[in-house]
Amino acid sequence: MRRIAQIRQRHGIDRVIAHLQACLRAGDPLPDLEALAAIAHQSPFHFHRLYRALTGETPGRTVARLRLLQALQLLGQAESRVTEVALNVGYESPQALARACRQTLDATPSTLREDAGLRSHWQQRLSLPAGDHADGTVPLQVTVTTLEPFDVVALRMQGAFDDLDQAFGEIFTWAAEQGWAEQLQQLIGIARTDHRDAPAQECVFDCAMGFGRTPQALPAPLRALTLGGGTYAVLRHVGSYAGLEAATDALLRDWLPDSGHALRDAELYYHYLDDPEEVPEAILRADICVPVA
């Protein structure tokens, strides 16, 4: 059953990649995330994360890879011209194509046009998604449970993943002023972008704390969120908190297909159980809470 579920899930992603490739070849506008989710027969709510888990790359990186692959194919044609190739595959200028080739392939378009062996090497490399998704040898210990809803005070932060303590500190300072600090019950994180893919200055993350009560009239930029409420697949992660995204990928890729569950349109969040300032990184604990139906 697991193999069948994985194949079905993989076919959905293959349809998305084939559709993107067809759009690039025809010069058609690229579909948005909601349209891609429909092609894969998935809800758009978690599609970006699911796609990343199954392919090892974001949809945007897939487009960049396929665009370069198409450029290599055109560069291999007799009498090809770099300017025409760049414009035909959707680059704004030959300089943009040259920049992409240097950054990803460590070669210029002219070199790739003349060197058939190098061009073939990169065509093979670019023909598949970047991720290596061999199944893990250790089964994931996932618990499916019903979680009661709970309220948190949240603060959105944009910046490096390692600087999240600043946001948690601001929430805690506010809580101390309210006399709530001693009632802290949950320390929560919600990743709005994947820190593995975005530059540090563009990472967006919601830091949150729960105090067992409903916050009222919060001063901006603090805001109230309600989490939980419903069925969740919970995976206990032990180790650096920077590894939570990879562990989430494993849950979506290796456990979800044959679990009998489907993703539900609700927030996926991390429940931090230890303080990195007090507990060694190797034994930090956090629960990955994935909403399922």
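The values are calculated or read from the model by the stated rules, or taken from the named source; none is laboratory data. Bear in mind that the values here come from a model prediction, so they are computed numbers and not experimental data. Positions of Cβ are generated from backbone atoms using ideal geometry, with glycine treated the same way; all protein chains shown enter the neighbour counts.
Structure summary
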quantity: Segments classed as strands (runs of 3 or more DSSP E), wholly inside region 158-235, with at least 3 members that are in contact with an Asp or Glu (Cβ under 8 Å, 6 or more places away or on another chain) and not basic (Lys, Arg); calculated: 186-191, 223-227
quantity: Residue in region 43-58 that is surrounded by 15 or more Cβ atoms within 10 Å (Cβ to Cβ), on the phi > 0 side of the Ramachandran plot and small (Gly, Ala, Ser) present; calculated: yes
quantity: Answer from ASP32, ASP106, ASP14 - the residue that is surrounded by fewer than 18 Cβ atoms within 10 Å (Cβ to Cβ) and closer than 22 Å to LEU268 by Cα; calculated: ASP32
quantity: Flag for HIS19 being surrounded by 19 or more Cβ atoms within 10 Å (Cβ to Cβ), assigned by TED's automatic domain parsing to the domain that holds ARG99 and at pLDDT 90 or above; calculated: no
quantity: Filter result for the condition that a residue is surrounded by fewer than 14 Cβ atoms within 10 Å (Cβ to Cβ), in contact with a Lys or Arg (Cβ under 9 Å, 6 or more places away or on another chain) and closer than 26 Å to THR58 by Cα, over ARG156, ARG192; calculated: ARG192
quantity: Residue, farthest from THR248 (Cα to Cα), within region 141-196, restricted to residues that are over 23 Å from the mean Cα position of the chain (by Cα) and of a type in the set (A, V, I, L, M); calculated: ALA176
quantity: Condition check for GLY27: under 26 Å from the mean Cα position of the chain (by Cα) and at positive phi; calculated: no
quantity: Test: residue in region 132-139 that is of a type outside the set (Phe, Trp, Tyr), under 30 Å from ILE288 (Cα atoms) and touching a strand residue (DSSP E or B) at 6+ places or on another chain (Cβ under 7 Å); calculated: no
quantity: Selection within region 264-293 - among the acidic types (Asp, Glu) and in a strand (DSSP E or B); calculated: ASP287
quantity: Conditions (1) touching a residue at least 60 places away in the same chain (Cβ under 8 Å); (2) of a type in the set (Lys, Arg); (3) surrounded by fewer than 16 Cβ atoms within 10 Å (Cβ to Cβ): number failed by ARG285; calculated: (1)
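Rundown of residues vs (1) out of contact with any helix residue (DSSP H, G or I) (no Cβ under 6 Å at 6 or more places or on another chain); (2) under 12 Å from THR143 (Cα atoms), yes/no style:
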{"site": "VAL234", "(1), (2)": "yes, yes"}
{"site": "ARG253", "(1), (2)": "no, no"}
{"site": "ARG264", "(1), (2)": "yes, no"}
{"site": "PRO276", "(1), (2)": "yes, no"}
{"site": "VAL279", "(1), (2)": "yes, no"}
